[in-house]
1. With a 1.4 Å probe and every protein chain left in place, work out the accessible area per residue of segment A:48-355 in Å², rounded to a whole number.
2. Given the Cα atoms of chain A, and with Rh set as the inverse mean 1/r over their pairs in the Kirkwood sense, what is Rg to Rh to two decimals?
3. With a 1.4 Å probe, what is the total accessible area buried between chains B and A, in Å² rounded to the nearest 100?
4. Taking chain B as the reference, fit the longest principal axis to its C-alpha atoms, fit the long axis of helix B:92-107 to the helix C-alpha atoms, and give the angle between the two in degrees, 0 to 90, nearest 10.
5. What FRET efficiency comes out for the pair residue A:177/residue B:24, r = Cβ-Cβ distance, R0 = 56 Å, nearest 0.05?
6. Can you give the Rg to Rh ratio of segment A:1-104, both from alpha-carbon atoms, with Rh computed by the Kirkwood formula?
7. Round to the nearest 10 and give me the degree value, 0 to 90, for the angle of helix B:38-48's Cα axis relative to the longest principal axis of chain B.
8. Give me the accessible area per residue for chain B, probe 1.4 Å, as a whole number in Å².
Amino acid sequence: MKKVVDVSLPIGPLHPCFKEPARIKCETRGEFVLSAEVELGYVKKGIERIMRGRPWQEVMFLAERICGICSVIHNMTFIETVEQLSDIAVPDRAALLRVVVNELDRIQSHVLANFSYCYTIEHETLAMYLLNLRETAMDMLELITGARVTCAYMIPGGVRFDLRPEDRQTLERSLTHIDTEIARFTAMFKNGPLIGLRSRGIGILTREAALEAHAVGPTARASGIAEDMRLRHPTYRKLGFEPVVYTEGDNYARIMVRFDEVRQSIRLIQTCLEMLPEGLIRGGGSVVAGEATYVGEAPRGELTYFVKTDDYGRIVDISVQTPSIMNIEACAHYMLTGVTSAADVTSTFISADPCVACTER
Amino acid sequence: MGDFLYEKDLRMMQYNILTSARHNGVAAAIAGHYGLKKQEVLRMMMERMDMILLENLPARYEVWQATGDAGDETERKLGCELISRYVPLADPQAIDRICADAKERIRKGTPKDEALSEGLQNIREMLRT
């Protein structure tokens with residue numbers, strides 16, 4: 001007779017499906033997951049402590065080194081926090097260029113997240129297609145900012161480089177290419193019967209649970225929460241931004257939110273290019289003493305910076321709350337509970353797009 | 001043979017998480033609410049929560065401040081959902097019993113402040129055991 005036994009199932013800290021080290025400890029009955037815990041602490045950087053006492057000119061480079069996948073939004077949120085506390089205005093052209101670069105970063109981050117998910121559910125073909133497409137977005141980031149990952153593109157009062165006319169044409173061609181390809185890959189994901197079996201109805205995060213754990217970003221929007229910090233951003237408001245929302249709350253919905261947001265980001269960049277006025281890309285202003293809390297929308301959700309500066313522009317105190325903290329917690333304590341197969345633990349975890357580098361900032 | 005890295009004692013890492021400004025504020029607020037020492041609260045958190053829950057404490061505390069225990073004044077003052085759901089340091093059933101007891105005492109005519117004070121003391125004792 002088949003036996004069902006209670007098992008403690010440790011996954012990680014090193015696992016082929018994880019990009020970074022984290023340890024999931026599942027308590028299971030047979031393969032049914034009763035509860036899960038996540039242990040971290042393997043790659044803690046202590047970057048907030050490193051930042052304290054340093055001038056903002058150094059901290060802006062440290063901020064984008066919190067995460068290698070969404071470095072642009074760390075740069076943007078830190079700079080916009082500093083601008084808020086110092087009352088520094090940004091020229092219109094620079095504000096739109098910031099959105100262009102930020103959305104390119106979101107595209108590559110979402111495509112990478114969906115690559116990881118497809119790879120985890122063993123759909124390597126679609127995974128490799130997506131990883132290949134990500135390179136187009138990375139190339140565009142490099143074209144505009146001069147770097148693929150740590151771009152340091154945004155500075156108080158503007159951006160560092162303008163968009164040249166020839167680069168604009170290349171960008172428009174690349175966006176069309178990404179749009180066409182992402183539509184094809186979305187259809188592959190939507191219509192794949194095996195993908196559906198591995199994704200639909202698995203790892204469900206209810207709206208109530210998402211609210212309790214303060215889940216954010218695509219993870220929350222896949223559970224019916226229409227919350228997106230871009231709705232509060234003045235430049236995005238001008239672009240008529242509306243969040244993408246699904247209500248199923250399962251792995252499938254989380255991946256589909258990201259696919260839809262990639263296409264939405266393409267539209268946002270195209271709108272920015274149409275609206276891009278001639279003019280300066282840098283205004284004036286200097287960083288003064290003060291403190292401010294500012295929230296930006298990272299690819300994974302709400303990113304909060306609290307910054308306190310002194311008269312010389314040094315960072316006296318800083319605190320960073322990254323979206324992965326909330327999303328990994330929601331994943332470990334709500335999505336994984338009730339998963340019926342141990343094989344779905346890793347795919348459910350990856351569907352929340354966990355970033356351990358952000359979490360262990 | 002050395003110990004495995006993933007089996008190492010992570011208490012120092014847990015303590016590092018809790019010493020950040022936002023976490024420190026949450027621990028101080030909970031300690032103040034229930035009349036406990038902050039170090040006691042930190043120890044309870046480290047013993048009863050996994051690391052990702054520790055990391056997420058400030059966000060969960062903010063959610064409780066905004067929406068938790070919204071329906072009932074007694075529950076809000078005792079922080080029933082705070083201590084059992086949003087910052088889960090106590091057994092929800094035991095907290096429900098203490099809360100129901102405090103409401104019953106108020107209904108029978110005990111002054112509200114006295115009943116709440118006793119409720120908070122009961123929660124404090126329960127947290128310490």
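The values are calculated or read from the model by the stated rules, or taken from the named source; none is laboratory data. Everything quoted here is computed from the prediction, not taken from an experiment. All Cβ positions, even for glycine, are placed from backbone atoms using ideal geometry, and neighbour counts span all protein chains on display. All accessible areas refer to the heavy atoms of the entire protein, side chains included, with ligands and DNA or RNA removed. Shrake-Rupley method; radii C 1.70, N 1.55, O 1.52, S 1.80 Å.
1. Each residue of segment A:48-355 exposes 36 Å² on average to a 1.4 Å probe.
2. 0.98
3. On the way: alone 7720 and 14880 Å², together 20350 Å².
Counting both chains, the buried surface is close to 2300 Å².
4. Its long axis makes an angle of about 20 degrees.
5. With R0 = 56 Å, the Cβ-Cβ based efficiency is 0.70.
6. Values: Rg = 21.5 Å, Rh = 17.6 Å.
Ratio of gyration radius to Kirkwood radius for segment A:1-104: 1.22.
7. The helix B:38-48 is inclined about 70 degrees to chain B.
8. 51
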